[in-house]
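Worksheet: the structure to be examined is printed underneath.
The values are calculated or read from the model by the stated rules, or taken from the named source; none is laboratory data. This one's a predicted model, so the numbers in the text were calculated from it and none came from an experiment. Because the Cβ atoms are built from the backbone with ideal geometry, glycine has one as well, and the counts that use them run over all protein chains shown.
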Amino acid sequence: MTIIKTETAQQYYQDNQQNLLEEFLHFLRIPSVSTDLLHKTDILAAVTVLEKKLNDIGLDDVKIFPTPGHPILYAEKTIDPEKPTILFYGHYDVQPPDPIDAWRHPPFEPHLEDNYLFARGASDMKGQIWATISALESLVKTNTLAVNIKLIFEGEEEIGSPSLEKFLSENKDLLACEIVLNPDGGMLAADKPTIIYALRGMAYFELRIYGPKADLHSGIFGGVIDNPANILSQVIAGMHDKEGRITLPGFYDQVREISEEETLQLSEIGMDEAFFRGITGVTSLGGEKEFAPIVRVGARPTLDVNGLYAGYIDKGAKTIIPAYAMAKISTRLVPDQNPDMVHKSLRAYLEKTMPGTVRWELDFLSGAPAYIVEDQAPGVDIFVNALRKTWGVEPLFKREGGSIPVATSMKNILGVDSIITGFGLPDDQIHSPNERLHLPTHRKGVKALIHFLSSF
């Protein structure tokens with residue numbers, strides 16, 4: 001019976017693949033950038049497209065929930081109250097496309113080339129949402145769905161999901177489920193289906209340094225007035241030592257160390273120095289040299305400057321001492337680290353390091369702890385089988401360096417660990433210019449989801 005269900009739904013997907021692709025392209029054309037209020041109407045356009053699509057494929061109780069920020073979309077499909085319920089998560093917002101000049105094609109005009117689809121959000125994570133929708137349509141339209149479904153799609157993931165925890169807490173009964181599937185992860189390679197069992201958390205800051213009341217002539221005032229850009233550079237440089245370790249006081253106090261056994265298991269995945277050099281184009285790696293690269297990106301905390309601004313940054317020369325300098329700073333956190341403690345650690349470092357010749361401010365913009373599945377997520381054995389059937393190989397289990405705060409929120413509020421997966425690839429250039437989606441892998445992902453949802 002399960003084989004017949006799967007084959008029927010798979011054939012529907014094959015027959016309707018082109019139509020689904022055209023709808024996906026329309027979805028990608030909407031610049032749903034959550035961090036920029038100028039795109040608020042685009043956010044609404046994106047969630048409206050999803051609302052219509054979920055209604056069209058036959059889901060029930062499709063509803064847009066307003067929040068203080070961007071709306072959350074909910075839908076469900078109950079086929080049998082005795083069957084388990086799977087809650088799918090996704091986010092329809094995307095990162096800003098900057099720098100625009102680095103794109104080979106306009107970021108919101110999808111471009112197909114050599115089995116790749118280029119567009120902002122193609123992989124992260126509109127492509128993963130569309131894989132979910134494609135699988136559900138194939139099953140619902142052929143009456144072969146074998147499990148109850150709930151969906152939530154939010155529009156604030158790229159800005160830290162500030163409205164999500166309140167929504168989860170206020171709608172615990174509505175969102176009650178036995179299994180959570182979150183396809184906001186990715187694969188190690190096109191032939192290596194992957195399940196993620198741990199994610200790093202994050203704490204994000206904006207540091208501003210103020211000097212003179214206005215920009216000054218660097219010839220007249222240079223040598224007597226401290227330059228905020230110079231001070232910012234010195235402060236940032238001191239945040240790491242020569243061994244790549246972070247120097248903030250107490251930063252490592254709560255870090256959970258990784259065992260030798262887990263280090264060996266992760267090292268067998270193959271993400272070694274050659275892998276990272278090949279995928280990034282760098283000549284050598286940085287960071288804490290005593291740890292293997294796969295450990296550095298999944299099980300060790302980091303601190304990075306994500307943006308800098310100071311003084312004159314256009315072409316040509318302008319000799320000034322800027323009145324102001326700013327840095328965006330993020331930390332990736334591992335299990336047991338607390339974002340609030342990291343905030344205190346950074347503030348303590350600045351209080352000790354910053355000279356009295358300038359004034360400074362630190363804003364804690366967002367924070368979320370790391371996530372780790374201590375045992376096994378519900379339903380993961382069935383999902384493993386679906387990946388195995390689709391790819392013909394055993395799935396890999398890994399830690400992920402990125403952050404998906406909703407996994408921790410769902411565990412704490414709904415009491416369910418997440419199956420974190422996805423069908424994007426490491427070289428999809430998410431958050432970067434020329435983001436892309438490998439369509440053959442995406443289509444395999446749809447087939448794997450069909451296997452999964454017809455196997456209960």
Taking the range 300-345 and the residues there that are out of contact with any Phe, Trp or Tyr (no Cβ under 9 Å at 6 or more places or on another chain) and polar (S, T, N, Q), the one that is nearest to PRO369 (Cα to Cα) would be ASN338
Do you know which residues across the range 62-88 are β-branched (Val, Ile, Thr) and more than 13 Å from ILE149 (Cβ to Cβ)? ILE64, THR67, ILE72
Tell me, yes or no, whether the range 169-188 has at least one residue that is part of a helix (DSSP H, G or I), in contact (Cβ under 8 Å) with a residue 60 or more places away in the chain and either within 30 Å of ASP42 (Cα to Cα) or touching a strand residue (DSSP E or B) at 6+ places or on another chain (Cβ under 8 Å) (or both). yes
Please go through the range 345-361 and give me each residue that is part of a strand (DSSP E or B) and either under 19 Å from the mean Cα position of the chain (by Cα) or buried (at least 16 other Cβ atoms within 10 Å of the Cβ) (or both), ordered by number. TRP360
Taking the condition assigned to a helix (DSSP H, G or I), in contact (Cβ under 8 Å) with a residue 60 or more places away in the chain and either acidic (Asp, Glu) or outside the structural domain of SER403 (by TED's automatic domain parsing) (or both), does ILE329 pass? no
For ASP101: the one exception among (1) under 16 Å from VAL33 (Cβ atoms); (2) outside any loop (DSSP other than H, G, I, E, B): (1)
Somewhere in the range 304-312, is a residue assigned to a loop (DSSP other than H, G, I, E, B), modelled with pLDDT of 90 or more, over 24 Å from the mean Cα position of the chain (by Cα) and within 20 Å of ILE236 (Cβ to Cβ)? yes
Applying the selection to the range 108-120, what residues are farther than 14 Å from GLU23 by Cβ and out of contact with any His (no Cβ under 8 Å at 6 or more places or on another chain)? PHE108, GLU109, LEU112, GLU113, ASP114, ARG120
When you check LEU232 against the structure, is it closer than 29 Å to PRO355 by Cα and outside any loop (DSSP other than H, G, I, E, B), yes or no? yes
Return a yes/no flag: does the range 241-249 have any residue that is modelled with pLDDT of 95 or more, in contact with a strand residue (DSSP E or B) (Cβ under 6 Å, 6 or more places away or on another chain) and closer than 21 Å to PRO339 by Cβ. yes
When the range 367-388 is checked residue by residue, the ones that are more than 16 Å from ALA407 (Cα to Cα) and either of a type in the set (Ser, Thr, Tyr) or out of contact with any Leu (no Cβ under 9 Å at 6 or more places or on another chain) (or both) are ASP381, ILE382, VAL384, ASN385, LEU387, ARG388
Could you count how many residues in the range 24-52 are among the charged types (D, E, K, R) and under 13 Å from GLN95 (Cβ atoms)? 1
May I ask you to list the residues in the range 207-229 that are without any contact (Cβ under 8 Å) to a residue 60 or more places away in the chain and either assigned to a loop (DSSP other than H, G, I, E, B) or crowded, with 16+ Cβ neighbours inside 10 Å (or both)? GLY223, VAL224
Residue count for the range 83-141, restricted to those that are surrounded by fewer than 22 Cβ atoms within 10 Å (Cβ to Cβ) and within 15 Å of GLY155 (Cα to Cα): 2
Checking the structure you have, find out if any residue of the range 51-64 is assigned to a strand (DSSP E or B), closer than 24 Å to ASN171 by Cβ and of a type in the set (A, V, I, L, M, F, W, C). yes
On the given criteria, is ASP381 farther than 20 Å from GLU76 by Cα and without any contact (Cβ under 8 Å) to a residue 60 or more places away in the chain? yes
May I ask you to verify whether GLY58 is over 16 Å from HIS431 (Cβ atoms), touching a Pro at 6+ places or on another chain (Cβ under 8 Å) and surrounded by fewer than 24 Cβ atoms within 10 Å (Cβ to Cβ)? no
